[in-house]
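We did not get these values from a lab; they are worked out from the coordinates using the rules stated. Being a predicted model, the structure only gives us computed values, none of them experimental. In this analysis, Cβ positions are derived from the backbone assuming ideal geometry, glycine residues included, and neighbour counts consider all displayed protein chains.
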Amino acid sequence: MKQVVILAFDGALASAITGIVDLFSMAGASWNRIQNQQIERLFEVKIASPNGQSIQCINGIKMYAELSYQEIQHADLVVVPTIGAALLSVLQRTPELIIFLQYAQQQHFMIAANCTGNFFLAEAGILNGKQATTHWGFEAIFKQRYPQVELKVERMITHADHIYCAGGGLAWFDLGLHLIERFYGFEVAIQTAKSFVIDYRRDSQLSYSLMKIAKPHQDALVQEVQNWMEQHYSQNFNLDEIAQHFNLSTRSLIRRFKAALDLAPNQYLQAMRIEAARKQLEQTDYTVEQIMLKNPAAIIDANHSNSNKQYKEQLRIVSEVLHTRNYDSKLKKLIKGVMVESYLVEGRQDIGGNMVYGKSITDPCIGWEDTVRLIDKIAEDC
């Protein structure tokens, strides 16, 4: 039986403690009970606090602690829950947890944290030079406070050595299931997920972080453009057409968007469309194919059958595609890009003793010089 200790503290999010306790405690039990099989508990879970006394969560609930941080002699896993109260205040008034995490790192304990609980790990210095994640809403302050940490805020779970970080909110579900799989395998993890009626192996919190695109700003014109995009996002249009609609140059539109939202207008539009598609998948019976047909797009393959694998033909094919886009406005909206096979050295080679660095061993490719010229042409003609 694996020993898990939750490192509780005043101001923690209650569900990030009780939820993870339930998840680990019921692993090997809830599924077996549903299947009328023998119950086998796989984890013993304890709650520790700075001094071994009860802690008070952000919602006012008090929780009993079985031991203090200093009394932890052994653990297969220690878990830092989410900070629910004022972030910096909790960090400042809980130095015992920072000291213990440094000790746990020295003892090579497996360490995990959820959401803003990852700030404790960073504060202890044990994430320096490592990948980590946290709640997407705290990305800016995390990066500013801990520049030595390689933050991957789009990730739901990160793993570096014996340290695991989970993203925002209820990502402790994902963290717990990930660690159950780490200890007892995929089958136990998926059985636990099914018994709790939750999805397993969500790997990104990007769709949630897209809500940041609505952050407030003072640029009234950019707000007008945002409102227009929200009403017309399902239509086909490009940046030049948006700029003309609002009597701006394309360059000015991009500059003002980046100043107001720290995001280019095409990125904003793409994020809006992704979010809309996600909501349609969740709230309607539309298939992915039906949703895609509302915003059709095509990428032209310049190699393979189109070139008959005559790699130099890719230059001609791309040129013809660009000409066709500029000739037909409907095709210009439909064709979003080209796929070109290129490498440092043109052609291809078989695997052998005298191989050329930077030359393909699969399909023949155009070389670096042709690639540069082709990209320049695409930029000019688009």
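Could you pull the Rg and Dmax for region 298-381, using just the Cα atoms, both in Å?
Expressed in Å, the Cα Rg and Dmax of region 298-381 come to 14.2, 51.
Provide the percentage of antiparallel DSSP beta bridges, counting only those with both residues in the chain; round to the nearest 5.
Working: 9 of 36 bridges.
Antiparallel bridges make up about 25 percent of those DSSP assigns within the chain.
Straight-line reach only, C-alpha to C-alpha below 17 angstrom: list the aspartates and glutamates that K332 could link to, leaving out same-chain residues fewer than 8 apart.
In chain and number order, the partners are D240, E241, D301, E320, E380, D381.
What's the ranking of 19-28, 336-345 by average number of surrounding C-beta atoms within 10 Å, highest first? It would help to have the intermediate numbers written out before the result.
Working: 19-28: 21.0, 336-345: 16.7.
Highest to lowest by the protection proxy: 19-28, 336-345.
List, in the order given, every pair from K130/K377; K152/K336; K152/K258; K152/K312; K46/K130; K152/K309 whose Cα-Cα distance in the structure shown is over 30 Å.
Values: K130/K377 40 Å; K152/K336 28 Å; K152/K258 21 Å; K152/K312 39 Å; K46/K130 28 Å; K152/K309 38 Å.
From the list (K130/K377; K152/K336; K152/K258; K152/K312; K46/K130; K152/K309), the Cα-Cα distance tops 30 Å for K130/K377; K152/K312; K152/K309.
In Å, what Rg and Dmax follow from the Cα atoms of region 1-103?
Here Rg and the maximum Cα pair distance are 14.8, 49 Å.
If you average 1/r over all unlike Cα pairs in region 224-282 and invert the result, what Kirkwood radius do you get in angstrom?
On the way: mean 1/r = 0.0843 Å⁻¹.
After inverting the mean inverse Cα-Cα distance, the result is 11.9 Å.
Once amide H atoms are placed 1.01 Å from N in the peptide plane, what residues at a sequence separation of 5 or more from E346, or on another chain, have their amide H within under 5 Å of its amide H?
Those qualifying (amide H under 5 Å, at least 5 residues apart or on another chain) are G367, W368.
Rounded to whole Å, give me the distance from the Cα center of region 39-56 to that of region 103-163.
Taking the Cα centre of each part, region 39-56 and region 103-163 sit 22 Å apart.
Compare R41, R93, R316 in a GNM of the chain, Cα atoms joined below 10 Å, and give the one with the largest fluctuation.
The residue that fluctuates most here is R316.
Work the Kirkwood hydrodynamic radius out for the chain: mean of 1/r over every pair of different alpha-carbon atoms, inverted, in Å. The partial results should precede the final answer.
On the way: mean 1/r = 0.0402 Å⁻¹.
Taking every pair of different Cα atoms in the chain, averaging 1/r and inverting gives 24.9 Å.
Sum -39500 (n - 2.57) across every DSSP H segment of at least 4 residues in the chain, then divide by the residue count to get the 222 nm mean residue ellipticity, nearest 500. Walk me through the numbers on the way to the answer.
Details: 17 runs with 171 residues, N = 382.
Value at 222 nm, helices only, nearest 500: -13000 deg cm²/dmol.
Kirkwood Rh, region 65-212, all Cα pairs: how many Å? Show your work: numbers first, answer last.
On the way: mean 1/r = 0.0638 Å⁻¹.
For region 65-212, the Kirkwood estimate is 15.7 Å.
Based only on other Cβ atoms within 10 Å, what is the fewest-to-most ordering of Y164, Y286?
Details: Y164 24, Y286 14.
The most exposed by this proxy come first: Y286, Y164.
Can you spot the aspartates and glutamates whose alpha carbon is less than 16 Å from K194's alpha carbon? Ignore those fewer than 8 places along the same chain.
Answer for K194, where 16 Å is the Cα cut-off: D22, D174, E181, listed by chain and number.
Using Cβ contacts closer than 10 Å as the measure, can you line up C382, C115, C165, C365 from fewest to most? Mind dumping the intermediate values first?
Details: C382 12, C115 28, C165 31, C365 23.
The order, fewest Cβ neighbours first, is C382, C365, C115, C165.
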